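What follows is a short report on a single structure.
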Amino acid sequence: MAEILNAHGSKNDIFVAAMTPRDFASQAGLRAFVRRLCDRSGPFGGDGIYFYDAGPDVPEAWFFNPDGSSAEFCGNGMRCLGRVVLDRRGTDTAVIRSGQTEYTVRRGTTTQEGVRQISLEHPAVDFAPHDPVVTGHATLTEARLPELDPALEFTAVTIPNPHLVALVDKYVESDLIAMGERVAARRDVFPAGANLSVLLPLEPAEVFVRTFERGAGLTASCGSGMAAARAVYSRIGRIDPERGVVVRNAGGMAAVSLRVRDTRWFPVLEGNATFVYRAEVDPDALARGYRVEAVAAEREPYDDEVRAYSAFGERNAGRLRAVGIETAA
């Protein structure tokens, strides 16, 4: 049996498990476990999982999307994992390696509702990725992509996941889904795939961001999508890089600024890392699709944290309703 923690950042719900991909007999078994764990029609359901090894001085982590594919990094998931590592070590700061990059996590403030937050410093954004997001645009920065929407201009940025971000003057969820599905379907045009975000300014220091994630689809929020959109917001000249911006999404909100070092921008995002429940699971039984009783023990919920975030989320939802933004989640 193995323990899993279900946590979320802005309702982007992620599992955290003190396991490594090497604990599985095969890649097929690993991916089957991830798919069944994240399947919302099964006993659990979520937007991905972070495996981690807390033993080294710099803990190592591996993120997998709900379709079983791996990703360099998950921003919301890293905050949740960061809180786990900070709690285990009894410290206020830690460095965690995910993919090829090291991330610094710190304890953040607690909201008026009692929601615990974690601050995450991302690596520098790159507006001229070495691995092009779009075929034929080796140094794509801003471009019209008529295959997505001829009326929008997209900015490509890696952080380190690849993102495409477009500024919009109105949010229409069906339009975002259609564009995201085109990105997912057109590997000839988007060979590496990309997370697709729309950015809607609400006030000079307040924006709404919604992301269609590669390997996951439309989720309540995307941490790296919020950071990427915040960088694009300054890239197109809307706000000073180091000014804090409230980034709202369907699942909550976060504060994002850019630290400027030697002309490079390092996004810093502070947002919730809320624990939902713990459970013991049999990874092999789950991967094989056994009945629920053979897969997991009873869940141990974090009721106080769930209630606190419910009040926090309602405050955000009220703001979105006030400005006429409608989302499915």
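The values are calculated or read from the model by the stated rules, or taken from the named source; none is laboratory data. Here the structure is a predicted model, which is why all the values come from computation and not from measurement. Ideal geometry is used to build each Cβ from the backbone, glycine not excepted, and the neighbour counts take in all protein chains shown. The accessibility values were calculated without ligands, DNA or RNA, using every heavy atom of the protein model including side chains. Shrake-Rupley method; radii C 1.70, N 1.55, O 1.52, S 1.80 Å.
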inquiry  = Using alpha carbons only, how many angstrom separate the centre of the range 1-44 from the centre of the range 45-109?
reply    = 14 Å
ask   = Taking θ as phi - 60°, what are the ³J(HN,Hα) couplings along the range 96-113 by the Karplus curve (6.51, -1.76, 1.60), each to the nearest whole Hz, with x for Gly and Pro?
value = 10, 9, 10, x, 9, 10, 9, 10, 9, 10, 9, 5, x, 7, 10, 6, 4, 7
query = So what are the three principal axis dimensions of the range 1-160 from its Cα atoms, in whole Å, longest to shortest?
reply = 49, 38, 33
task = Could you work out how far apart the two model spin labels at ARG238 and GLU300 are, taking each label as a point 7 Å from the Cα in the direction of the beta carbon, and quote it in nm?
result = 4.3 nm
task = Take every Cα-Cα pair in the range 145-243 and report what % of them are more than 16 Å apart.
result = 51 percent
query = Which residues in the range 243-280 place their backbone N less than 16 Å from a point set 7 Å from the Cα of ALA205 along the Cα-to-Cβ direction?
reply = 243-248, 254-259, 268-270
key: Probe 1.4 Å - accessible area at LYS170, Å² to nearest ten   = 140 Å²
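Percent of Cα-Cα pairs more than 31 Å apart in the chain, please.
Working: 14972 of 53956 pairs.
Across the chain, Cα pairs with separations above 31 Å total 28 percent.
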key: Given charges at Cβ of Lys, Arg, Asp, Glu: the range 4-46 dipole, positive-most of LEU5, GLY29, MET19   = GLY29
request  = Starting from the Cα gyration tensor of the range 188-329, take the square roots of the eigenvalues, sort them a ≥ b ≥ c, and report rounded, prolate or oblate (rounded when a/c is under 1.5, otherwise prolate if a/b is larger than b/c, else oblate).
outcome  = prolate
key: Karplus (6.51, -1.76, 1.60) ³J(HN,Hα), θ = phi - 60°, over the range 213-219, in Hz, Gly and Pro reported as x   = 8, 5, x, 9, x, 7, 10
task = Show that you can apply the helix-only estimate: for the chain, add -39,500 (n - 2.57) for every DSSP H stretch of four or more residues, divide by all residues, and state [θ] at 222 nm to the nearest 500.
result = -7500 deg cm²/dmol
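If you place +1 on the Cβ of every Lys and Arg and -1 on the Cβ of every Asp and Glu, how big does the dipole about the Cα centre of the range 222-329 come out, in debye to the nearest 20? Working shown, then result.
Working: 16 positive and 15 negative charges, 169 e Å.
Charge dipole of the range 222-329: 820 debye, to the nearest 20.
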note = Across all Cα atoms of the range 32-86, Rg and the largest Cα-Cα distance (Dmax), in Å, are 11.8, 38
ask   = When DSSP assigns beta bridges and you keep just the ones with both residues in the range 200-329, what percent turn out antiparallel, to the nearest 5?
value = 85 percent
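Please check the chain for the longest run free of GluC sites (Glu not before Pro) that are loop-located per DSSP (anything but H, G, I, E, B) and have at most 11 other Cβ atoms within 10 Å. Before the final figure, lay out the partial values.
Values: sites that count: GLU298, GLU326.
Of all site-free stretches, the longest is 1-297.
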key: Residues whose placed amide H lies under 5 Å from that of LEU199, excluding near-sequence neighbours   = ALA166, LEU167, VAL168
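What's the carbon and sulfur percent of the chain's accessible surface, probe 1.4 angstrom, rounded to a whole number? Walk me through the numbers before you get to the answer.
Numbers: 6400 of 13930 Å².
Carbon with sulfur: 46 percent of the solvent-accessible area.
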task = Determine ³J(HN,Hα), in whole Hz, for all residues of the range 51-57 in sequence, where each value follows from phi through the Karplus function 6.51 cos²θ - 1.76 cosθ + 1.60 and θ = phi - 60°; x replaces Gly and Pro.
result = 8, 8, 10, 7, x, x, 4
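Size of the dipole of the chain about the Cα centre, Lys and Arg at +1 and Asp and Glu at -1 on the beta carbon, nothing else charged, in debye to 20?
Values: 37 positive and 44 negative charges, 56 e Å.
The calculation lands at about 260 debye.
Using r as the Cβ-Cβ distance of GLU121 and GLU153, and R0 as 41 Å, what FRET efficiency do you calculate, to the nearest 0.05? Walk me through the intermediate numbers first.
Details: r = 28 Å, r/R0 = 0.69.
That gives a FRET efficiency of 0.90.
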remark   = The simple spin-label model distance between ALA2 and THR91, using points 7 Å out along Cα→Cβ, in nm, is 2.5 nm
remark   = Amide H neighbours of ASN12 at under 5 Å, excluding residues fewer than 5 places away on the same chain, with H built from the backbone geometry, are SER221
query = With every protein chain present, what is the per residue accessible area of the range 192-278 (1.4 Å probe, Å²)?
reply = 31 Å²
